[in-house]
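What follows is calculated from the coordinates using simple rules that are stated; it is not laboratory data. Please read these numbers as outputs of a predicted model, since none were measured by experiment. So basically every Cβ, Gly included, is an ideal-geometry build from the backbone, and we count neighbours across all protein chains shown.
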Amino acid sequence: MNYIPISDWPNIPKDIYLKEATSVATDSKDNIYIFNRGEIPVLVFSDDGKLIDSWGKGEFVRPHGIFIDQDDILYLVDDGGHFLKKCTKDGKVLMTIGSLGNPTEWQKGGYFNRPTDVTIDSDGFLYISDGYGNSRIHKFDEVGKHITSWGRPGTDPGEFNLPHNICLVDDKYLWVCDRENFRVQIFDKEGVWVNQLHFHRPQSIFRGKGKLEGFILLAEAGTGMHTQEGVPDIGNIVRILDYKGNTIKKIGDSYSGEAPNQFISPHGVASNSKGDIIVAEVSYTAYGSKLDPPREVVSIRRWNIE
């Protein structure tokens, strides 16, 4: 399983200000949807990198997570707006959960306070990680009715310190990136704790497609401590895992950066039917905003399987 980094992908028109990408997803035709914090939040590219659609201007506050189901319906999580939107692939809103600009009380367990990500099971139930201002996983039915929630702040099994990303494995087990506890926690669909695995600030997770069927993509953030900045082999990589959590392959250089084989805070990850890997980075927040003067930096990476 060999991967090569692809330079200059996608072809972003000069009049599109991307700023940074927070998450990425692929549909049944291998079109690639980039949820970003630029002027137009949803950018849709063909597999060869051509912009084929764009929408969402003025409809989101702070884009964070995206999921596309088997019917090519989009689920978009806005952490700054405290809501989830269910949309058609051309942007028609079908359902909203949460209230724009009205977060639930901080760290008290309601929904939402800066939610982060979503996944969906075969029965249409939604599982939403919540998030920066909460320490919960919420479960909803397909029409948005709240079913149950679990979690609380802490470090013990079943507790969270920033549940940041979530995926479903074998339609049975929820893998949750408990980022600031440096672990992935595994639950059944009713919230019963199963296991935990240690990683460096895991912040994005995705069940692979195509040649990556049976594998999990896990992206690790870089260090959050200034004393460890510049130390090699600490985060800013993408792992390919088996369903037991064993690392099959690591993708990315020992150091973070803007080169094609490097990452800057990989924040979202997905694959297409061929097994190619696309990574969204919050590179402006993590790096570009700290430069003098601040500038936009690379925020989309692509690695193709050989």
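A few notes on this one:
- Under-5 Å amide H pairs with Phe215, H placed in peptide plane, nonlocal only: Gly208
- Centroid-to-centroid separation of the stretch 225-239 and the stretch 19-80 [C-alpha atoms, Å]: 28
- Once both labels are positioned 7 Å from their Cα atoms along Cα-to-Cβ, the gap between Asp90 and His146 label points is 3.5 nm.
- With the gyration tensor restricted to C-alpha atoms of the stretch 59-207, the semi-axes of the equivalent ellipsoid amount to 22, 17, 13 Å, longest first.
- Close amide H pairs (under 5 Å, H built 1.01 Å from N) link Met95 with Lys86, residues at least 5 positions away or on another chain.
- Ellipsoid semi-axes in whole angstrom, largest first, where each is sqrt(5λ) of the Cα gyration tensor of the stretch 2-42: 19, 14, 10
- Sequence-separation-based contact order of the chain, relative, with Cα cut under 8 Å and 6+ spacing, percent: 15
- Footprinting exposure proxy for Arg201, Arg301, Arg152, Arg295 (fewest neighbouring C-beta atoms within 10 Å first): Arg295, Arg152, Arg201, Arg301
- By the beta-carbon count within 10 Å of each Cβ, the least crowded to most crowded order of Lys249, Lys211, fewest first, is Lys249, Lys211.
- Build a GNM of the chain with springs between Cα atoms under 10 Å apart, and of Val238, Val93, Val176 the one that fluctuates most is Val93.
- Net lengthening on full extension, Asp48/Glu180 (0.36 nm per residue, minus Cα-Cα): 43.9 nm
- Computing FRET efficiency as 1/(1 + (r/R0)^6) for Met225 and Gln70, where r is the C-beta to C-beta distance and R0 is 51 Å, gives about 0.80.
- Calculated on the Cα set of the stretch 48-131, radius of gyration then Dmax: 13.2, 45 Å.
- The stretch 216-306: relative contact order as a whole-number percent, Cα under 8 Å and 6+ apart: 22
- Sorted by Cβ density within 10 Å, fewest first, the residues Trp106, Trp193, Trp175: Trp106, Trp193, Trp175
- The calculated 222 nm mean residue ellipticity attributable to helices in the chain amounts to 0 deg cm²/dmol, summing -39500 (n - 2.57) over DSSP H runs of n ≥ 4 and dividing by all residues.
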